[in-house]
1. Check B:114, B:45 and return the single one that is over 18 Å from residue B:10 (Cβ atoms) and out of contact with any Pro (no Cβ under 7 Å at 6 or more places or on another chain).
2. Which one is nearest to the other protein chains (Cβ to nearest Cβ), of the residues in segment A:107-128 that are in a helix (DSSP H, G or I) and surrounded by fewer than 21 Cβ atoms within 10 Å (Cβ to Cβ)?
3. Between a residue in segment A:242-271 that is free of Cβ contacts under 8 Å to residues at least 12 places away in the same chain and any residue that is buried (at least 21 other Cβ atoms within 10 Å of the Cβ), which pairs come within a Cβ distance under 7 Å, given they are 6 or more apart or on different chains?
4. Considering A:161, A:131, A:183, which residue is surrounded by fewer than 21 Cβ atoms within 10 Å (Cβ to Cβ) and modelled with pLDDT of 90 or more?
5. Could you say which residue among A:104, A:146 is away from every other protein chain (no Cβ under 14 Å), assigned to a helix (DSSP H, G or I) and touching a residue at least 40 places away in the same chain (Cβ under 8 Å)?
6. Select, from B:161, B:156, the only residue that is surrounded by fewer than 19 Cβ atoms within 10 Å (Cβ to Cβ) and either at the interface with chain A (Cβ under 9 Å from one of its Cβ atoms) or under 15 Å from the mean Cα position of the chain (by Cα) (or both).
7. Could you give every pair whose Cβ atoms fall below 6 Å, whose first residue belongs to segment B:40-68 and is facing another protein chain (nearest Cβ under 9 Å), and whose second residue is of a type in the set (Asp, Glu), counting only separations of at least 6 or pairs across chains?
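The values are calculated or read from the model by the stated rules, or taken from the named source; none is laboratory data. Note that the structure is a prediction, hence the values are computed from the model and not measured. Cβ: placed from backbone, ideal geometry, glycine included. Neighbour counts: every protein chain shown.
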Amino acid sequence: MSQRTSAALPDPSTGHLLAPKWLTARARAATGERGNALRLSFLAVFGLLFWAFIFVMVFRLLRFFRGVQEIGPLLAGKLLGLILVGFFSILLLSNVITALSSYFLARDLDLLVSAPVDWLKLYLAKLIETLVHSSWMVVLMAVPIFTAYGVVFGGGPLFPLVVVATFLPFLVVPAVIGSAVTLLLVNIFPARRTRDILSVIAVLAAGGIVVLFRLVRPERLARPEGFRSLVDFITVLKGPTSPMLPSEWVQRAVMSWVGGRTEALPFYLLWSTAAAATVLGAALHRWLYPTGFSKAQESAERWVRSGRLGRAGRSMLAPFGVVRRELVLKEIRLFFRDTTQWSQLILLGVLVLVYVFNIKFLPLRGEGMTFFLVNVVPFLNLVLAGFVLASVAARFIFPGVSLEGRTLWLLRSSPMSMRELLWSKFWVGTLPLLVLAVAIVGVTDYLLQVTAFMMAVSVFTITFMTMAIAGLAIGFGTLFPQFETENAAQIPTSFGGLVFMMSSVVLIGLVVILEARPVYSYLAAQAYGGQADATAMVVGFGSAAVICGTTTLLPISVALRRLEA
Amino acid sequence: MIKLTNLTKRYGSFTAVNGIDLDVPQGELFGFLGPNGAGKTTTLRIIAGILKPTNGSVEIGGVDLATDPIAAKSKLGFIPDRPFIYEKLTGAEFLRFVAGLYDQEGPQIEHRARELLALFDLEEWRDELVESYSHGMRQKLIISSAFVHRPEVIVVDEPMVGLDPKAARILKDLFREYTHRGHTIMMSTHTLEVAEALCDRIAIIQAGEIRACGTMNELRANAASGAMGLEDIFLRLTGENAARALVDVLDA
């Protein structure tokens, strides 16, 4: 028994502060729920398939690069640099948002802050928590990519250690920066203005990502003919993309290792920057955290603006009846008054911005760009837009039923059918999604200057696909609810969220496969003359529409049975 | 043991706590009453070190909370009004974790945790995940966690909410016995009978200011209310209109 004395003050370790997280993870893993083993094996299989897919893609690309004389390894290095810049920007954004939750909004903070916990221990515990929560997806993505680099360029048995030694400080730097940015914002803005803080984060993040993408100028690498000579091209490849970014240091460390001429400088730079950042971050935390945390506790808004917008909403929704109107208004109000919910719009905005930005700079003019390629890209654009929509639906529509959680008693005990509830959730989620979907596809198709036929196909397909994805989100969200979750942002990454995402991927794949033949038939007719195959058109587009219709209605009806059970 | 000097907390233009001066000596069970939104929870959260005061100071056991927060908090146990317990920890794990925050571990803590859980009829649940606990059981567990490290001062916000009559009785006895042993408890409550029966002294706060403070007799004198009970004193001092026209309300 180690009892404190009056001289020795309590000093719980960082490990002790993190113990509940670890115990929670262990308890979750050990919970003997029925079907748990099945879920785990399902996850494992899916994870392995995902890894295998990424690995094969990168492996083939790198093998191709390796075969290109002179510039092969340079291209591989550049590709790694690009991937890492992407990772770095994602990590920065996700750390800023995660830090807001882990340092200022988490429910265990009352307990920890009122206990005699040293500021440094609390800082480090929350930094580790922030880092883990915001980086695990990037780490999962990075494993097959680095494996492919190691295999193709013969990294040797020590290669994994080299990767860990470079990637760990690479993860620490954005975690520290993200936490510090959040800390500053919480201190600068009046506490009730959390929304403003997040708006600033959104602008910063969107601007930051665009700047990062512009810094690396990816389109230049895709078009060597744009350079005056091969020497110019090689010069660009050899030059550092962004020498001040940790992503460049990781790339240099890894590529120099696989090139057999290990450079020590990138390792020094990475570790010293991570250490210095942590020290500075800790100093900033000591200085600003007590005030910031106190402010964050006051952030509950006393006044909400309802006024004209509320009245307009009421009169617009009046024809749908009182029950539907109130349900829809409740959904909208809760969404915009819950910071953890609407702040995810920031992620969405950045995602769409980067997506449209990339489409704009696709090298689709000039030599070697056939009529087919120019028209097939917008078709594949549908797949990407579908993925964007699925991830948006996972964040906004999928958690709908889970968020009812403890208030479901109110809805269930009221004289209202669950059908009304589900359909109100469906429409409140689907309409904005539809506007977004049509806007993404319309804008990108406009930028790509596609034919009217392809534009019509795109809009038709994305509309049906949006409804189907929303239906799946409602269905799986009801079948796999997360009523007890602390943070709405964690719901999409649950098992049910994963199942939903996989089903969406299958749906998108199926629709595209069904439509591929009629689109090909049309494009062939346009390119070589003749008539497009009418039967293929009707069967292809018709069956895609039927599948989308079924996928919209069936999950909702299953969900309804589940709710009414 | 708890000393508040000119304690003030402003949220923008709204003043939640307005220059409170209070001294709760060692061994006292101090009641903190007031209508909803009067500033009770804000005051208690400032004492617990969760909120920073806009002005004024808090001393716990002679240690200033702002200048030496670790030393001050090491003397304190806090039970919030909306307690959070890690859902995926068992009751025993949670008590062990809280004791660890105060640098206490070992067989004595295990023994104390078992005793506290037994006291509140939670012994059989000690190895069950908190997510399976009822509201009242969670409340009992969070109360146990405040006692497990034997703090010199316990600050508790609404302790009786969700407790069954037996647990409420146990808690009252526990509070009384704890203060008899020289520890200090400051609690806010809306259960006026509990405050009347249990507290050595009571403060009534309204609109962030202390309207009255003292023993029951002193409060009666203050309210010029003869032999009135605490409910009447409370309503008189806080100016609540208990005689609102019920018929008008029901007819509205």
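1. The conditions single out B:114.
2. It comes out as A:110.
3. Note: pairs meeting the criteria are A:263/A:252; A:263/A:253.
4. A:161
5. Result of the check over A:104, A:146: A:146.
6. Testing whether each residue is surrounded by fewer than 19 Cβ atoms within 10 Å (Cβ to Cβ) and either at the interface with chain A (Cβ under 9 Å from one of its Cβ atoms) or under 15 Å from the mean Cα position of the chain (by Cα) (or both) leaves just B:161.
7. These pairs meet every condition: B:50/A:110.
One line per residue, one yes/no per condition, for (1) touching a strand residue (DSSP E or B) at 6+ places or on another chain (Cβ under 9 Å); (2) within 27 Å of residue A:436 (Cβ to Cβ); (3) modelled with pLDDT of 85 or more:
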{"position": "A:467", "(1), (2), (3)": "no, yes, yes"}
{"position": "A:472", "(1), (2), (3)": "no, yes, yes"}
{"position": "A:476", "(1), (2), (3)": "no, yes, yes"}
{"position": "A:479", "(1), (2), (3)": "no, yes, yes"}
{"position": "A:483", "(1), (2), (3)": "no, no, no"}
{"position": "A:494", "(1), (2), (3)": "no, yes, no"}
{"position": "A:519", "(1), (2), (3)": "no, yes, yes"}
{"position": "A:529", "(1), (2), (3)": "no, no, no"}
{"position": "A:546", "(1), (2), (3)": "no, yes, yes"}
